[in-house]
Each structure stands twice: as C-alpha cells, then as structure tokens.
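Here the structure comes first, spelled out in structure tokens, and everything after it is commentary.
Since every read-out is calculated from the coordinates, none of them should be taken as a lab result. Model, not experiment: these values are computed from the prediction. A quick note on method: Cβ atoms are made from the backbone with ideal geometry, for glycine too, and the neighbour counts reach across all protein chains shown.
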Amino acid sequence: MLAGVIALCLCVPRSWAMALGKGVGKLFFRVNKKRVAIARLNLSWCFPDLDESAREVILRTHFSRYGQAIIDMGLIWWGSRRRIERLYEFEGLEGLIQRI
C-alpha cells in the first residue's frame, strides 16, 4: 500500500505529495501504538519540564513529518533526476563524488 502511495506521489504536485505524506504519518500514529508509546516515553524523559499537551504536539508533528520523509525518500529513489534537481539543493556534492 505504501509503495502505491509513493508511486502516486510521483505523479502529483509536491504540495499534494506532502499532504499525502502527512496523512501517512497520521495513519502510522494511529496504527503503530508501540512506536507511539516509545516516542511518548522518550519525550517525557527528554522534556520533563514540558506539560503533556506540549509533548503531544511534538509527538504528532513528528509522525506527520515522518510520513512526509517517507514520501520524500520515495521521490528520491524513484523520481526523475530532473524533478529531484528541481526540488532539492545539493551542497558539497563535488567533494562526495571525489571520495567515492
């Protein structure tokens, strides 16, 4: 199913792809209770001074961005070179190529 969403995102404008990615992240948040519980616990340890509602905002934002990152990875893996170069800016690429 995720591969289908990523394939769809190759055919739609970036704003739509990111909206779909946000939806994927929200779905992960609802479905993957174990990961949500781990993230919630980690946030309570890292930010003990924040109240629970503030940590919940961070948690939900994280999962939304996680879904968008998955879509971005799909675009990088399967997108055309032209589209990737249009969407992303590469710095220090020459140095990386020399080291490979």
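Just to verify a number: FRET efficiency for Ser44 and Phe90, C-beta to C-beta distance, R0 = 35 Å, to 0.05? Don't jump to the answer; show the numbers that get you there.
Values: r = 38 Å, r/R0 = 1.07.
It comes out at approximately 0.40.
In what order do Met73, Met18 fall by count of nearby beta-carbon atoms within 10 Å, going from fewest to most? List each step's numbers first, then the result.
Working: Met73 12, Met18 18.
Final ranking by Cβ density, sparse to dense: Met73, Met18.
For labels at Arg14 and Ile76 in the simple 7 Å Cα→Cβ model, what's the distance in nm?
About 1.5 nm, to one decimal.
Take region 3-100, compute every pairwise Cα distance, and split them into 10 Å bins from 0; I just need the percent in each bin.
Cα pair-distance distribution for region 3-100, in percent: 15, 34, 26, 22, 4.
Kindly provide the helix-only [θ] at 222 nm of the chain, computed as the sum of -39,500 (n - 2.57) over DSSP H runs of four or more divided by all residues, to the nearest 500 deg cm²/dmol? Each step should come with its number before you reach the end.
Working: 6 runs with 81 residues, N = 100.
Taking each H run of at least 4 residues, the total per residue is -26000 deg cm²/dmol.
Could you give the Stokes-Einstein D for region 44-100 in µm² per second, using the C-alpha Kirkwood radius, 10 °C, 1.306 mPa s? The partial results should precede the final answer.
Working: Rh = 14.5 Å.
For these conditions, the coefficient is 110 µm²/s.
Counting other Cβ atoms within 10 Å, keep those with at most 15, restrict to DSSP loop, and tell me which GluC sites (Glu not before Pro) in the chain are left. Walk me through the numbers on the way to the answer.
Working: sites: Glu52, Glu56, Glu85, Glu89, Glu91, Glu94; in loops: Glu89, Glu91.
Hits after loop and neighbour filter: Glu89, Glu91.
Charges only on Cβ, +1 for Lys and Arg, -1 for Asp and Glu: so what's the dipole of the chain about the Cα centre, in debye to the nearest 20? Let's see the in-between values first.
Working: 16 positive and 9 negative charges, 96 e Å.
The calculation lands at about 460 debye.
In region 19-100, what chymotrypsin sites (Phe, Trp or Tyr not before Pro) fall in a loop by DSSP, with at most 12 other Cβ atoms inside 10 Å? Numbers along the way, then the final one.
Working: sites: Phe28, Phe29, Trp45, Phe63, Tyr66, Trp77, Trp78, Tyr88, Phe90; in loops: Tyr88, Phe90.
Sparse-neighbourhood loop chymotrypsin sites (Phe, Trp or Tyr not before Pro): Tyr88, Phe90.
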